[in-house]
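Some notes on the structure that comes next.
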Ligand SMILES: Nc1ncnc2c1ncn2[C@@H]1O[C@H](COP(=O)(O)OP(=O)(O)OP(=O)(O)O)[C@@H](O)[C@H]1O
Ligand SMILES: [Mg+2]
């Protein structure tokens, strides 16, 4: 049971690539922290620095308050689930799970009981005598999990553990991982670039971009108040609609010249945004005051069952709207998008949230 | 109708197989058959005629102490040089694999010895190991008479083993390094996180995973030590002193080509061939079981 | 065309080479014309395979060029096969495939194998049929008998010939107060000891591989008139068996071993870093026994200012010295070739037999002339009077020390190469103290006899010509 603290951790690869440019995160005991961000932003690098698989160029990593920069991976008492599972191909499932315990000199009976009970939890009991190549992708994934769990480490690390599974299985495993993590109460760090996974799993969500942390917080807090246009467009599916503002004589206008009709929440505001579900679609000419009203032309309709997505041209850009059920609109329809002022997000020139 | 389809497939199959079979026949079975025939006769070297002698050639070879000495020498040579060449290469490759910087350089440098023809290599080693002029002269100055491959059979054997192993260290190294590098990095990392140190990791993960390569190299090294040793022996010791390095392949050459005893040489080459076949079967039967194919 | 050319070249070396060059140009010109004209005038080509390499191979090539330039009817194509063993092996392989050369150089100990091969065209018959008169009595008897049949027919022509000599360092001997080479082995023993006492690390160098069978066993036995094998060293039948474990040779090996153990003799070989000849030329070792063929090498490579000479091989005191054996190779004409090629081969052999060719050959190699006429011609040219050739006449003296006896005319044993290998093996075992001298030589005889027995079985009902 442990806390994990990163202080201004940096990683410069010998090739000169600065993969992590100074990251500070504090993860309390028993919490699940998800690192999310686009490909190449340095998530895996950061995770591997915590694991001890990469050296730390500067800054510190502390586990349970103890700085572990100079501690080897074996001594950090951390378990990791790799994206490709990294199961030992020449060992049976049982031995794959028992290997870490054996290396630590755990007594034989204890190994056996721990492996078997872990296998039971993960429904692997029938597979213990098989080799990895005789397992399905989902089974391999569970073995990888089992190998991490059986050791009962201080910290779990997961590097995109579900990305090789199909969508349905991914959904199941997501829930399972969450439950396991809760019941085991082990501090965990989970890397993904899937924002849905990130939202559903995280106690603490860390959004990374280009080697830097964009925002840290509870998933819904981040969803509701993204700290930057980057976070706004990365968290949420479909992403937040963002419209650039230009200063006109009678107040700010959109790219196509439409005046927004009221003052932004902040004078530095250069972009406004609203979530697809935070605006109403109406054919009505009338609109409430203090709301953003955009004439829009439907370009495409994507029904996904419980809801539909309308892709529209509005304010000189493309926006997406989420409507419940079957959409009445057809491509080519003219309509209005109405977003109430309190649902609007404002960002300055650099993309930072304002107001 | 269906019958005809199968039949024509058969014909096509055979048609495709024919060139292969012709090749195998002309380059293996025909010469092998020739060798068997020669081994059962006494051949006049100029082809003037021959006499059927049954198994007499084999009898006289197997009754010869020199031949048994040659077999012993060959087996010792095979075991020691294969062992050396593989262990050294394995250690080098393991070290290189850990410290990958410059591995491309090692690769080039270490493949060279294999590219060098055996006689050229042997010439170089003859110079290096010459007791009076080369590197060993220094040792001999300190301990006079310590190194004397000219009269001491063990020293001569050590010389050819050194040359042969040196050649195959490079060859083995390339395969070992490739095998190590084919092991996914994450496996090594996983075992590191599982608390395995360098030695354990090597023993439990890397070694089992390169067993197919080890097995392949074992078969190749042993087979080659029976065959490719010829040039080295020829240049370095000519089978001496007092037959101490008269390996089977060299004895075949000297009896057959120098001594023009084609029949005796044919019988010897059949015994050598059978020995290699038996060794190879043994390796496949008993060692391959312990190989883990991924 | 050929006859006048031979006359035109009788004015000595210089004019000969000038004329030869001119003739070469002329021949090339004719060749050019011949190529331009219908094929009728094209020379008949035939192959000559030989076993010499390096410098010697270049001399052979020149010899071939000279022959081709000396006439326009034939063109010999000369190809080195690297060494004697390979030449014989390749020739056998070629013969079995029907692609043999017309003329091939076969080393001395291959003679028995050749005689039983049935693959040759007798050289004397060839010459007679083509109208060349060769005076066989002109050959030194020691040389002719080595290659002749028991009835005296020359089946092949001696080509490159040598014999073994003792090379001695005059400076080292002067240190121990001697100006003459030792004549007996007893004297050698004392001199080696004296040189050792005078501080010489290596009074004498030998090597004990298959190759040294020639000077240590074969030459020694001939000079002491000791048989190497029964049946006149094999001349009288394939049932000859080795005899060297019962002759003076046993004492000789015993003495060599004793001297080796006493540090008077060192083993020198290429495998060990320095061969005998290098050891002698560098002044490291003071006495060696080797071929006259190395005379040129020592002359060219010896240490600055070193005084050295050659002498006949020593004998044990009280021995009546006999002729030493010829070493080297002879030229065989192979069967199964068209008649025109045989005409060319005959012309080629006749060219080689010419005394002027002998002079060219001996000047450029260390080999000795094989015929008296050649020797006389060279003597009259003053060849032996001055360095670097001075001393080489000792080889002739050694070869002609006596009329050849039944034993000293040569060795006619089958698969003798293997017997030589066995010699090397047993000598090494003896010198490494693995076996006693007598046991080693007994094993040599036993294993050698097995080889001879096998050879005899391979040629049932056949006898040597
Ligand atoms: N061993 C390495 N040497 C040099 N550069 C590296 C190394 N590993 C990763 N990088 C670089 O560091 C940056 C961050 O890589 P990292 O693997 O951490 O990204 P990621 O966020 O995990 O991406 P993904 O979602 O695609 O896995 C990338 O630009 C990558 O090219
Ligand atoms: Mg990654």
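No value in this document is a laboratory result; all are computed from the given coordinates. Everything numeric in this text was worked out from a predicted model, so none of it was measured. Reconstructed Cβ throughout: ideal geometry from the backbone, glycine too, with neighbour counts over all protein chains shown.
What is the order of C:269, C:150, fewest Cβ neighbours within 10 Å to most?
Numbers: C:269 21, C:150 15.
Ordered from fewest to most neighbouring Cβ atoms within 10 Å, C:269, C:150 come out as C:150, C:269.
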Quiz prompt | 0 to 90° range, to nearest 10: angle between helix A:167-184 axis and chain A longest Cα axis | solution = 60
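Cα gyration tensor of the range C:303-380, axes a ≥ b ≥ c as square roots of the eigenvalues: rounded (a/c below 1.5), prolate (a/b > b/c) or oblate?
Numbers: a/c = 2.65, a/b = 1.84, b/c = 1.45.
Judged from the Cα gyration tensor, the range C:303-380 comes out prolate (a/c at least 1.5, a/b above b/c).
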Quiz item: So what is the 222 nm mean residue ellipticity for chain B from helices alone, if each DSSP H run of at least 4 adds -39500 (n - 2.57) and you divide by all residues, rounding to the nearest 500 deg cm²/dmol?
Solution: -22000 deg cm²/dmol
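Starting from the Kirkwood Rh over alpha-carbon pairs, what translational D in µm² s⁻¹ does the protein assembly as shown have by Stokes-Einstein at 10 °C and 1.306 mPa s? Intermediate values should be presented prior to the final figure.
Values: Rh = 37.9 Å.
So the translational diffusion coefficient is about 42 µm²/s.
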Self-check item: Relative frequency of Cα-Cα separations exceeding 23 Å in the range C:140-280, percent
Solution: 46
Quiz item: What length, rounded to one decimal in nm, is gained on full extension from residue A:125 through to residue A:268, with 0.36 nm per residue of separation minus their alpha-carbon distance?
Solution: 45.4 nm
Quiz prompt | Extent along principal axes [Cα atoms of the range B:9-89; Å; largest to smallest] | solution = 53, 49, 22
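How large is the convex hull of the Cα atoms of the range B:175-270 per residue, expressed in Å³ as a whole number? Numbers along the way, then the final one.
Numbers: hull volume 12.2 nm³, N = 96.
Looking at the range B:175-270, the number lands at 127 Å³ per residue.
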Quiz item: Put a dot 7 Å past each Cα toward the Cβ at residue C:197 and residue B:185; how far apart are the dots in nm?
Solution: 7.9
Quiz prompt | For the range C:384-465: span of alpha carbons on each principal axis (Å, largest first) | solution = 49, 42, 21
Quiz item: Which value in nm describes the separation of the simple spin-label points at residue B:280 and residue B:292, placed 7 Å from the Cα toward the beta carbon?
Solution: 2.8
Quiz item: Under a no-solvent Debye model with one identical scatterer per Cα of the range B:63-291, what's log10 I(q)/I(0) at q = 0.09, 0.16, 0.18 Å⁻¹?
Solution: -0.45, -1.12, -1.27
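I need the calculated FRET efficiency for the pair residue C:301 and residue C:58, taking r as the beta carbon distance and R₀ as 25 Å, to the nearest 0.05. The partial results should precede the final answer.
Details: r = 18 Å, r/R0 = 0.72.
E between residue C:301 and residue C:58, to the nearest 0.05, is 0.90.
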Quiz item: Do the sum for chain C: with -39,500 (n - 2.57) for every DSSP H run of n ≥ 4, divided by all residues, what is the mean residue ellipticity at 222 nm, to the nearest 500 deg cm²/dmol?
Solution: -14000 deg cm²/dmol
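Find how much the distance from residue C:446 to residue C:99 grows on full extension, using 0.36 nm per residue of separation minus their present alpha carbon separation; answer in nm with one decimal. The partial results should precede the final answer.
Values: separation 347, 0.36 × 347 = 124.92 nm, distance 3.78 nm.
Result: 121.1 nm gained on full extension.
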Quiz item: If you take the C-alpha gyration tensor of the range A:154-297, multiply each eigenvalue by 5 and take the square root, what semi-axes do you get, largest first, in whole Å?
Solution: 38, 17, 12
Quiz item: Between Rg and the Kirkwood Rh of the range C:81-127, both from Cα atoms, what is the Rg to Rh ratio?
Solution: 0.94
Exercise. Calculate how steeply helix A:93-103 sits against the longest principal axis of the alpha-carbon atoms of chain A, using the helix alpha-carbon long axis, and give the answer as 0 to 90 degrees to the nearest 10.
Key: 70
Quiz item: What is the distance, in nm, between label points placed 7 Å from the Cα along the Cα-to-Cβ direction at residue B:10 and at residue B:203?
Solution: 5.8
Quiz item: By how many nm would the segment from residue C:170 to residue C:457 lengthen if fully extended, with 0.36 nm per residue of separation less the alpha-carbon distance?
Solution: 98.2 nm
Quiz item: What Kirkwood hydrodynamic radius, in Å, does the range A:240-354 give when the mean of 1/r is taken over all pairs of distinct Cα atoms and then inverted?
Solution: 14.4
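Relative contact order, percent, of chain A when contacts are C-alpha pairs under 8 Å separated by at least 6 residues?
After rounding, I find 16 percent.
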Practice problem: For the range A:4-233, divide the Cα radius of gyration by the Kirkwood radius and give the resulting Rg/Rh value with two decimals. | Solution: 0.97
Exercise. Provide the three semi-axes, in whole Å and in decreasing order, of the ellipsoid equivalent to the range A:16-110 as defined by the square roots of 5 times the Cα gyration tensor eigenvalues.
Key: 28, 17, 13
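Going by how many other beta carbons lie within 10 Å of each one, how would you line up B:74, A:14, A:233, fewest first? All intermediate terms of the calculation are to be shown ahead of the outcome.
Numbers: B:74 22, A:14 7, A:233 16.
So the residues, fewest neighbours to most, are A:14, A:233, B:74.
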Quiz item: For residue C:132 and residue C:211, what is the calculated FRET efficiency with R₀ set at 41 Å and r taken between the beta-carbons, to the nearest 0.05?
Solution: 0.70
Quiz item: Per 10 Å bin, what is the whole-percent P(r) computed from every C-alpha pair distance within chain C?
Solution: 4, 20, 30, 25, 14, 6, 1, 0
Quiz prompt | Selected from A:22, A:316, A:305 as most flexible by GNM, with chain A as the system and alpha-carbon contacts under 10 Å | solution = A:305
Quiz item: Could you work out the helix-only [θ] at 222 nm for chain A, with each DSSP H run of four or more residues adding -39,500 (n - 2.57) and the total divided by the number of residues, to the nearest 500 deg cm²/dmol?
Solution: -7000 deg cm²/dmol
